[in-house]
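Here's the structure, in structure tokens; my notes come after.
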Amino acid sequence: MDPALILTYGPSGNGKTTDCGYSFPRALFIATRGALQSIRSVCGYEPRVENCSTIDEVTSRIKALKPGEVDSVVVDDFSYLAEQTISSMEKKYTGFKLWGALRDSTLAFRNAARYASCHIVLNCWEQAPKNKEDGSRVRGGPMLPGKLPEQLPAMCDMVLRCGLDTMRKPWPGVYRCHVSSDYVMKDRFNIAQMIDPAPMNLAEIMRNVGYKVARHPDLEWQEDIVETVAQQILAGSPGEMVNIANGVYKSLLSNGASPTAAKWTLRDGVDRAVIRRALAVRNDAFFV
């Protein structure tokens, strides 16, 4: 399959960056200084990071990628990058020419990302729906100026809105993806939309699509345990999940795994089971 182009958006601090750290540990992160601290503190490793000041710089970096250099590029945060790009362009353009230049720059980036040799993931802030002066409705979505909140997602494979499910323990983050007149969302793979709300775990969503998403080079042992955990949870009753997860967690610690790596492993195992169970429910009935 061709590499995926994914856009997520939501309020600041809701876990987008941390999920990308868990999901793409071999990625090149395009981010500002300090923006990836949650990956270091929660995921437990130092991500590969570069700073780009404008959208054009990111476009050039993606085009310069060598085959196999990275398996994904995560741009965190694209909304901030757009602000920086506007600030840079204001030295050269004004009025409609400014917004036209920004649009052209963003669409050039979108085209480069669409045909990149690796997965491209964009994180954005969220803007709410609004009504124009003429009464027309503008859907909420990624926080970008002009028509870009609709134009940028147009070529993406998945556009996911971040949310919280306080009943989901211990990781309340979810991705929303359903047909909506209020917010921009889409899913060409027909998986996030089928199980909406989906666990906030891009790697497990993509693995269920059929992609091979690489694990951290020091944690390649995780995959066998994740699959075992998922199968044990699916074989038991929903009420047994907590005991299964706690038992595996203690076993991992007793065998020398760090708490960070053990929690990461259980996170993927639980989410894999949740995704498979949700897909099975949807596939067992025409109307749900």
* **Cα-based equivalent ellipsoid of the chain: semi-axis lengths in Å, sorted from largest, via gyration tensor** => 34, 23, 16
* Structure fact -> Distance in Å, no decimals, from the C-alpha centre of the stretch 189-245 to the one of the stretch 246-288 is 5
* Asked: Over the C-alpha atoms of the stretch 1-56, what are the Rg and the largest Cα-to-Cα span, Dmax, in Å?
  -> 11.9, 34
* Mind pulling the per residue volume of the convex hull built on the Cα atoms of the stretch 85-214? Å³ is fine. => 143
* Asked: Can you run phi through the Karplus equation (6.51, -1.76, 1.60; θ = phi - 60°) for the stretch 124-130 and list ³J(HN,Hα) in whole Hz, with x for Gly and Pro?
  -> 9, 6, 10, 10, 7, x, 8
* **Label-point separation in nm, Ser136 to Tyr211, each point 7 Å along Cα→Cβ** => 3.3
* To do: State the answer as a single residue: which of Ile120, Phe24, Val42 lies farthest towards the positive end of the charge dipole of the chain, with beta carbon charges of +1 for Lys and Arg and -1 for Asp and Glu, about the Cα centre.
  => Ile120
* For the stretch 138-204, what class follows from the C-alpha gyration tensor (a ≥ b ≥ c being the square roots of its eigenvalues): rounded when a/c is under 1.5, otherwise prolate if a/b is larger than b/c, else oblate? -> prolate
* What percent antiparallel are the DSSP beta bridges of the chain, to the nearest 5? -> 35
* Structure fact -> Quick numbers on the stretch 1-103, Rg and Dmax over C-alpha atoms in Å, give 15.0, 45
* Asked: Which pairs in the list Lys212/Lys263; Lys16/Lys132; Lys63/Lys130; Lys66/Lys186 are over 24 Å apart, alpha-carbon to alpha-carbon?
  -> Lys16/Lys132; Lys63/Lys130; Lys66/Lys186
* With an 8 Å cut-off on Cα pairs and a minimum separation of 6 or more residues, tell me the relative contact order of the stretch 131-288 in percent. => 18
* To do: May I have the pair-distance distribution P(r) for the stretch 135-288, computed from all Cα-Cα distances with 5 Å bins from 0 and rounded to whole percent?
  => 2, 8, 16, 19, 18, 14, 9, 7, 4, 2, 1, 0, 0
* Asked: Counting each DSSP H run of 4 or more residues in the chain as -39500 (n - 2.57), what helix-only mean residue ellipticity at 222 nm follows after dividing by all residues, to the nearest 500 deg cm²/dmol?
  -> -12500 deg cm²/dmol
* To do: Springs between alpha-carbon atoms under 10 Å, Gaussian network over the chain: tell me which of Thr265, Thr18, Thr166 tops the mean-square fluctuations.
  => Thr166
* P(r) for the stretch 211-286: what percent of alpha-carbon pairs falls in each 5 Å bin, starting at zero? -> 3, 15, 26, 23, 15, 10, 4, 2, 1, 0
* To do: May I ask you to evaluate 6.51 cos²θ - 1.76 cosθ + 1.60, the Karplus curve with θ = phi - 60°, for each residue of the stretch 168-184 and list the ³J(HN,Hα) values in order in whole Hz, giving x for glycine and proline?
  => 8, 10, x, 10, x, x, 9, 10, 9, 7, 8, 5, 8, 8, 9, 9, 6
* Solvent exposure of the chain as accessible area per residue, Å², 1.4 Å probe -> 49
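The values are calculated or read from the model by the stated rules, or taken from the named source; none is laboratory data. As the structure is a prediction and not an experimental result, all values here were calculated from the model. As a convention, Cβ positions derive from the backbone with ideal geometry for all residues, glycine included, and neighbour counts pool all protein chains shown. Heavy atoms of the whole protein, side chains included, go into the accessibility calculation; ligands, DNA and RNA do not. Shrake-Rupley method; radii C 1.70, N 1.55, O 1.52, S 1.80 Å.
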